[in-house]
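Participant: Okay, handing you the structure first.
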Amino acid sequence: MNSPIGLSEGCRDALHHLRETREINTVILRFADTPGVLVVEVEGNLTHDELVAALPADQARLVVHELSFATPEGARKREQLLVLWMPADAEAQEEAYTAGYNALKEYLPDVHVHLTARQTGQLEHPRLVALAG
């Protein structure tokens, strides 16, 4: 993908909603019919199982998710994750979604946990906690 990546107004609003109001914990993004523009597919307060179930098995997606967990000492902690969901059947979308992933890294400089997941096992809660912890 040679054109720059754009964030739709709805995308920017959803990310602001996630980061500032904390009323939701997940924003799932996809590319719109307009080339190079990311739009919101899901904006909500999803459980871990709902998040994994919301990801299509054959299409790429970008996910910003606030993970809540307890430290070994028992303290409650929250960490935002940026996930590039890239299942094997979505290989043709990899270049575009990687460009979108990199654009979101720049747009969200305070999100420090970035990962690419190619299968749901890579999104298991204990693994995400270990990455965030």
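Participant: On full extension of the chain, what length is gained from Thr34 through Ala88, given 0.36 nm per residue of separation minus the C-alpha to C-alpha distance?
Facilitator: Fully extending the segment from Thr34 to Ala88 adds 17.0 nm.
Participant: So with the 1.4 Å probe, I'd like the accessible area per residue for the stretch 10-133, rounded to whole Å².
Facilitator: With all protein chains present, the stretch 10-133 gives 52 Å² per residue.
Participant: Something else now. Report D for the stretch 2-98 in µm² per second (integer): Stokes-Einstein, Kirkwood Rh on Cα pairs, 20 °C, 1.002 mPa s. List each step's numbers first, then the result.
Facilitator: Working: Rh = 14.3 Å.
The calculation lands on 150 µm²/s.
Participant: Please tell me the relative contact order of the stretch 10-117 in percent, rounded to the nearest whole number, where contacts are Cα pairs under 8 Å and at least six residues apart.
Facilitator: RCO, the stretch 10-117: 22 percent.
Participant: Could you give the length gained on full extension between Val52 and Thr98, defined as 0.36 nm per residue of separation minus the Cα-Cα distance, in nm?
Facilitator: Working: separation 46, 0.36 × 46 = 16.56 nm, distance 1.96 nm.
Extra length from Val52 to Thr98 when fully extended: 14.6 nm.
Participant: Figure the gain on full extension for Thr116 and Glu20 (residue separation times 0.36 nm, minus the Cα-Cα span) and round it to one decimal in nm.
Facilitator: 32.1 nm
Participant: Can you list the HN-Hα couplings for the stretch 36-41, worked out from phi with the Karplus curve (6.51, -1.76, 1.60; θ = phi - 60°), rounded to whole Hz and with x for Gly and Pro?
Facilitator: Here the 3J(HN,Hα) series is x, 10, 8, 10, 7, 9 Hz.
Participant: Which percent of the accessible heavy-atom area of the chain goes to carbon and sulfur, probe 1.4 angstrom?
Facilitator: Carbon and sulfur: 46 percent of the exposed surface of the chain.
Participant: Per Stokes-Einstein, at 10 °C and 1.306 mPa s, what whole-number D in µm² s⁻¹ belongs to the stretch 45-132, with the Kirkwood radius over Cα pairs as the hydrodynamic radius?
Facilitator: Translational diffusion coefficient: 117 µm²/s.
Participant: What list of ³J(HN,Hα) couplings, whole Hz, do you get for the stretch 123-128 from phi and the Karplus terms 6.51, -1.76, 1.60, once you set θ to phi - 60° and write x for glycine and proline?
Facilitator: My calculation for the stretch 123-128 gives 10, 4, 3, x, 5, 5 Hz in order.
Participant: Amide H neighbours of Asn25 under 5 Å, at least 5 residues apart or on other chains, H built in the peptide plane: list them.
Facilitator: Gly44, Asn45, Leu46
The values are calculated or read from the model by the stated rules, or taken from the named source; none is laboratory data. All of these numbers come straight from a predicted model, not from anything done at the bench. These area figures cover heavy atoms from the full protein model, side chains too; ligands, DNA and RNA do not enter into them. Shrake-Rupley method; radii C 1.70, N 1.55, O 1.52, S 1.80 Å.
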